[in-house]
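Participant: I'd like to ask you about the structure that follows.
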Amino acid sequence: MSELKTLTEKELAFILHWGEMGNRWGVNRTVAQIHALLFIRGECLTAEMICELLGIARSNASNSIKELERLGLVKRTHILNDRKDYFETSGDVWELFRIIARERIEHELKPTEAMLNDLLNDPDFKKESETFQTRTKESAELLHSLITLGDQVLVFSSKSLKNILKAGSGLGKFLLGFKGDKK
């Protein structure tokens, strides 16, 4: 393993921003920062290296790495003749998108859809206001559509996903007359 290089100003800015974005999405800041570090470095790092580069406690790094492993964003690997655990993440942003989107669908959208459907199926819900009933039904339908779309799209390879999104962008411009929907 080569000597550990310190973070550049740009790397640090990226890592800090990634941590802030993760925090806004409900992910622990350190978890997001470790993921960012592994992503931009593109090399396997030990927990000790991660601690040194980010200036975090070993216990914080260990807990954060376990969370990243649980999410499927980081995997543990080994280097020949070295007993330490090394950690790496995919360099394929499309694969990372798939993992994160799947996680959000499973742990946020599906439970919310189930809760809305439980409300809609509850006989007492018919006593609620028409506005509440209508908006709940529309919300459940939207979530169902998003989950179905996600399930269909997330099976594609990275190359296919890129092509689908490029085609979708062109199709949207064509269908909306290049000006967007003025609703």
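Participant: Do the conditions hold for Asp118, that is, is it farther than 19 Å from Gly42 by Cα and surrounded by fewer than 16 Cβ atoms within 10 Å (Cβ to Cβ)?
Facilitator: Criteria met by Asp118.
Participant: How many residues, within the range 24-61, are surrounded by fewer than 14 Cβ atoms within 10 Å (Cβ to Cβ) and not acidic (Asp, Glu)?
Facilitator: Within the range 24-61, residues that are surrounded by fewer than 14 Cβ atoms within 10 Å (Cβ to Cβ) and not acidic (Asp, Glu) number 8.
Participant: Could you please give the count of residues in the range 144-183 that are among the aromatic types (Phe, Trp, Tyr) and at pLDDT below 85?
Facilitator: Result for the range 144-183: 2.
Participant: Let me ask you something else. Restrict the check to the range 71-91 and report whether at least one residue is part of a helix (DSSP H, G or I), of a type in the set (Gly, Ala, Ser) and surrounded by 12 or more Cβ atoms within 10 Å (Cβ to Cβ).
Facilitator: For the range 71-91, residues part of a helix (DSSP H, G or I), of a type in the set (Gly, Ala, Ser) and surrounded by 12 or more Cβ atoms within 10 Å (Cβ to Cβ): absent.
The rows are residues; the columns are (1) without any contact (Cβ under 8 Å) to a residue 24 or more places away in the chain; (2) aromatic (Phe, Trp, Tyr); (3) over 19 Å from Gly91 (Cα atoms).
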| position | (1), (2), (3) |
| --- | --- |
| Lys10 | yes, no, no |
| Ile15 | no, no, no |
| Trp18 | yes, yes, no |
| Ala32 | yes, no, no |
| Ile40 | no, no, no |
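Participant: When the residues of the range 121-145 are narrowed to those that are among the aliphatic types (A, V, I, L, M) and either surrounded by 15 or more Cβ atoms within 10 Å (Cβ to Cβ) or touching a Pro at 6+ places or on another chain (Cβ under 8 Å) (or both), which ends up farthest from Leu165 (Cα to Cα)?
Facilitator: Ala140
Participant: What's the total number of residues in the range 106-155 that are touching a residue at least 24 places away in the same chain (Cβ under 8 Å) and among the charged types (D, E, K, R)?
Facilitator: Within the range 106-155, residues that are touching a residue at least 24 places away in the same chain (Cβ under 8 Å) and among the charged types (D, E, K, R) number 3.
The values are calculated or read from the model by the stated rules, or taken from the named source; none is laboratory data. Since this is a predicted model, take the numbers as computed values, not measurements. Glycine also receives a Cβ, built like all others from the backbone with ideal geometry; neighbour counts cover every protein chain displayed.
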